[in-house]
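Below is one structure, written out as structure tokens; comments come after it.
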Amino acid sequence: MTNIIKNIKNVEQKIARIAEQVERDPEEIQLLAVSKTKPVSQIKEAYQAGLRHFGENYVQESIKKIEQIKLDPDFNEPLFWYFIGPLQSNKTRPVAENFDWVQSVERLKIAQRLNDQRPSHLAKLNICLQVNISGEQSKSGTSLSQVLELASQVNQLAHLKLRGIMAIPEKTDNSQQLEKQFNQLHNIYLQLQQLYPQVDTLSMGMSGDLETAIACGSNMVRIGTDIFGSRN
């Protein structure tokens, strides 16, 4: 058994343990493997361990990997690709053409470009709005006060499907502060669910804050280091 396969088992067991502690069903929580900077060979190991959902941050690097994997007969089941990094206007077309999800939509202009550039033969592009939950100027994301307005605008775009929200919290050892931010995000998520029946994704929690995120209602966790090791 390779290190990556062992790591995935450990992560899955950890998610299950945390979920049970807070009386949640582990099956509700989607594991998104963050494969940015990692080679196709490591994605293949994760695939062999049963993972099908992969998150990428860098457009050119990810498109090369997606195209390589399409031609590789070892991948005989479809993968689901999530773009989770900051997205500039001039990079939206390859993302609209190759990804299944974009979790980092923070303004209407990017959503409109993704909508206009989504090929008509593909399913709607699944969208999560990125929220700057900590209010840090260095972080991407729309503000809490603007989420509902942006959601309304995105929901009207014909080739996009609003699915939920995503956030990257501030790095802090203050567990109460982290919990407060995650709970704010969960409350916004519940409001969106009331307005849009298709909303089903609260993407929060990474290797360092998994327990708090799951306790606060996350149903998608983005794990890179604990699966693939340190970033290249």
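All of the numbers you see were taken from the coordinates with simple rules; none came from a lab. Because the structure is predicted, anything quoted here is derived from the model rather than measured. Cβ coordinates were reconstructed from backbone atoms using ideal geometry, including for glycine residues, and neighbour counts include every protein chain displayed.
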Give me GLU56, GLU45 sorted ascending by neighbouring Cβ count inside 10 Å, so fewest comes first. GLU45, GLU56
Just to be sure I understand, if you calculate mean projected area of the Cα convex hull in nm² for this structure, which of (i) 15.0; (ii) 11.5; (iii) 12.6 do you get? (iii)
Please list, or write none, the aspartates and glutamates whose alpha carbon is within less than 20 Å of the alpha carbon of LYS70, excluding same-chain residues fewer than 8 places away. GLU45, GLU56, GLU61, GLU97, ASP100
Can you spot the lysines whose alpha carbon is less than 23 Å from LYS109's alpha carbon? Ignore those fewer than 8 places along the same chain. LYS91, LYS124, LYS139, LYS161
Dipole magnitude of the chain about its Cα centre (Cβ charges: Lys, Arg +1; Asp, Glu -1), debye to nearest 20: 680 debye
Could you pull out every residue, at least 5 positions away or on a different chain, whose amide H is within less than 5 Å of the one on VAL34? Hs are placed 1.01 Å off N in the peptide plane, and Pro or chain starts have none. GLY55, ILE223, GLY224
In what order do TYR58, TYR82 fall by count of nearby beta-carbon atoms within 10 Å, going from fewest to most? TYR58, TYR82
Express the relative contact order of region 1-159 as a whole percentage, based on alpha carbon pairs under 8 Å and six or more residues apart in sequence. 15 percent
State the three equivalent ellipsoid semi-axes of region 155-232, derived from the C-alpha gyration tensor as the square roots of 5 times its eigenvalues, in descending order and whole Å. 25, 17, 9
For n ≥ 4 DSSP H runs only, could you compute -39500 (n - 2.57) per run for the chain, divide by its residues and tell me the 222 nm figure to the nearest 500? -12500 deg cm²/dmol
